[in-house]
Structures are given as C-alpha cells and as structure tokens.
Amino acid sequence: MKKHPADDPIRAALARDDPAAVELIWDRYAGDLFAFLQAMLRCRQDAEDVLQMVFVKIVRKRRHLAGARRLDAYVYQIARNEASRFARRRQRKRAVEPAGDSWLSVADGGSAHVELAEQLETVLARLPQQQREVVVLKIYREKTFQEIARLLDVSQNTVASRYRYAMEKLRIWLKDVKS
Amino acid sequence: MSHARDENDKVERLLQAARLSEPSGQLKDRVTGAAREAWRQGAADVPWRVPLRRVAVSAVAAALIVSLANLAADVSVVRGQTEAARVAHREVAELEAVPEEVYGSVTRRLLAANFRAYEAAAERLEQYRQQMRQVLDEAQENGVTNPPRAPNGRSRLLPVPSASEAYS
C-alpha cells in the first residue's frame, strides 16, 4: 500500500524534528484512535489514559515513525500494543471487567435512550475484540472496509468477514431491541 | 440475501442511534502537553541502530556459546582419553573396579566381552602353535621325506617342492 498523502505534513514535521508534529498527529488521528481505544477497552476513562500513553510513545518513537512505510498502520499498531498492555494490567488489578462510565451515548438523553445505549454497549462488549473494532470503526467513524483494512494492517476480505460475523451475532442479540 | 441485507441495515441503524464520544478539549491539552514534555526529553534510538545492536548482541552470544561448547568438548575428550588409557592397561577382572560414572554397566559388559574374545583367540593361537611344533618335531624325528599322514588326507603343512622341481 502507498503512503497516505494526509500524512505528508506529519512526515515533514517529524523530519524537521518539529514539536508541531504533535498537533498535526492529534488533528489527524486523535478521533479515530479514541474510538478504536474505546472499542478495545470498553471504558472511556481508560481510553483517555491509553490515548495519552500512545501519544507519548509516538513522540518517543518519532524517528521510527518518520521512516515508517505506512504511518497510519504504525500509529494503530502502537495504539493496539499500548491498549493490550493496559488491558492486561487492568485485568491483574481488577478481578472483574471495567465498570466505569459508559462509552456510548445517545443524542436525545431520555431514559429510554440511555437504556438503549446501555444495551448497545452490552451487546458490543459481547463481540470478540477484533469484530468490535471493525464495527466501531465502520459504524461510528464511518470508515470503509478498505480504510479499516489499511489501519488494522489486514486484508479487506478479513475486515469484511469480521464485520459479517459481527452483524450475524448482533442481529440475533438485538432482535428484541427497538430503537 | 436481500432479507439479510435488510436485517443488517436495521442493526446498523440501531447502532447508529448511539454515538461515540469525541476527545474533549481538556483531553487534548492533557495529551499534547504530555507528548510535548516527552518530546523535550528526546527520542528513542534511530531505526538503523536497533538492528545493528541486535546483530552485535547476537554475534557476541553466538561466539560465547561456541567457545563454551568447545571448552566443554575439550574437557570431556581429555577426561575420556585419560580414562581410556588407564582402562586399557587393566586386566579383564579389573574392569569391575572401573568407576561407575565413567562407564555404564552396558559399556562395561561390552568391554569385558571384548577382552574375553581376545583372550580366547590368544588361547586358540597358542594351541595351534603347540600343535604345529609337535608336528614339526615328529617330522624331524621320522625324517623329512616321510611326514605323518594328515587327517582326512589333507596335510596341515605347506607343500614342499621336490629337489628336481626346485632346480628346474
């Protein structure tokens, strides 16, 4: 795969060793990375902590990043590694899964909508992590299969099949839920 | 097929009713602040140094392993040679006294059997030598031209050519 042109200003700033690269990386990646981390960790608070770790790691590895063939895949790989490490630590500390604040919200804040958000969180949490990542990036970040494949460094067919399996499960689990 | 697609659309619409929260401005300040602080502290190694360092460490480790293996081989060979030399001069009966840690029971039995085979061969050779001596003595007593008859009509001595054949 080719280099993404949107990464060119970041590459240039990294090549100059210019701290302004931090802002550029934030503007380009923070939203998607935050969604990705929330999908992995299922907790907004933890996702915020890990996002900070990811940015620190990116800065520390900026010379590697400047020479990386695909900057976006490299950034996501860092995020995945940091989130996995964090999840392992969290699992050792807490016996149960995260019980923090909700990571999904519904626009109209009525009680029925809050309940719907909770139900969606529950069913998404039941999905395997890889399928959940694809669903979150596709539904909530409106990425195409091609873009997701590029970010996760897997084939487009793999992304499509993960999405299909996830949809099959969600169809069953959400059968009785009405929007 | 279309039914499944409709079902998928329904699930997607249901999921789209919710949304993921975007990173807040406060989070941006916190994260970029930490990142800038990390920037000031410096970067990790440049990429080309990492594989170079790995190669150097691997080479040192390989050299260490090879030298240790050589040393171990030398030590075991020297120990084996001295033991072998000592054992070679012992009688068969003494093999029982060979330390257990040097030769196992199977090796010891094999060695004993080997020595017994050599001993038996030496005894047979000595018997043959005595037999031959006896035959030669008898031949000398009876005169060279009249050797004793061999069993089964076959001589146990090499055929002696006659005088006429020898000078022809």
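Throughout, read-outs are computed from the coordinates displayed, never taken from laboratory work. Remember, predicted model here, so these are calculated numbers, not experimental data. Glycine gets a Cβ as well: all are built from the backbone with ideal geometry, and neighbour counts include every protein chain shown.
A compact table of results
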item	result
Global geometry of the range A:30-72, whether rounded, prolate or oblate, following the gyration tensor of its Cα atoms and the 1.5 cut on a/c	prolate
Fewest-first ranking of A:Ile78, A:Ile58, using other Cβ atoms within 10 Å as the exposure measure	A:Ile78, A:Ile58
Likely footprinting exposure, A:Lys169, A:Lys143, A:Lys138, fewest C-beta neighbours within 10 Å first	A:Lys169, A:Lys143, A:Lys138
Choice from A:Asp32, A:Asp18, A:Asp153 with maximal GNM fluctuation in chain A (Cα, 10 Å cutoff)	A:Asp18
Separation in nanometres of the label points that stand 7 Å from Cα toward Cβ, at B:Asn114 and B:Arg36	8.2
Prolate/oblate/rounded call for chain A, Cα gyration tensor, a/c under 1.5 rounded	prolate
Axial C-alpha extent at least 20 Å, average Kyte-Doolittle at least 0.0 - helices from chain A (DSSP)	A:21-41, A:44-60, A:111-126
Alpha carbon centroid spacing (whole Å) that separates the range A:123-145 from the range A:65-82	20
Spin-label pair B:Leu68/B:Gln131, simplified geometry with 7 Å Cα→Cβ offset, distance in nm	6.2
Two-site label geometry, A:Ala160 and B:Arg13: point separation in nm, points 7 Å out along Cα→Cβ	2.5
Across A:Lys61/A:Lys169; A:Lys57/B:Lys28; A:Lys3/A:Lys143; A:Lys3/A:Lys57; A:Lys93/A:Lys175, pairs whose alpha-carbon gap is larger than 27 Å	A:Lys61/A:Lys169; A:Lys93/A:Lys175
Rounded to whole Hz, the Karplus (6.51, -1.76, 1.60) HN-Hα couplings of the range B:115-130, x for glycine and proline	5, 5, 5, 4, 5, 4, 5, 5, 5, 5, 5, 5, 4, 5, 4, 5
Gyration tensor verdict on the range A:136-179 (Cα atoms; rounded if a/c is under 1.5, prolate if a/b is larger than b/c, oblate otherwise)	oblate
Ascending count of other beta-carbon atoms within 10 Å, so fewest first, for A:Leu151, B:Leu52	B:Leu52, A:Leu151
Positive dipole terminus of chain A, leading residue within A:Val59, A:Leu116, A:Gln38 (C-beta point charges)	A:Val59
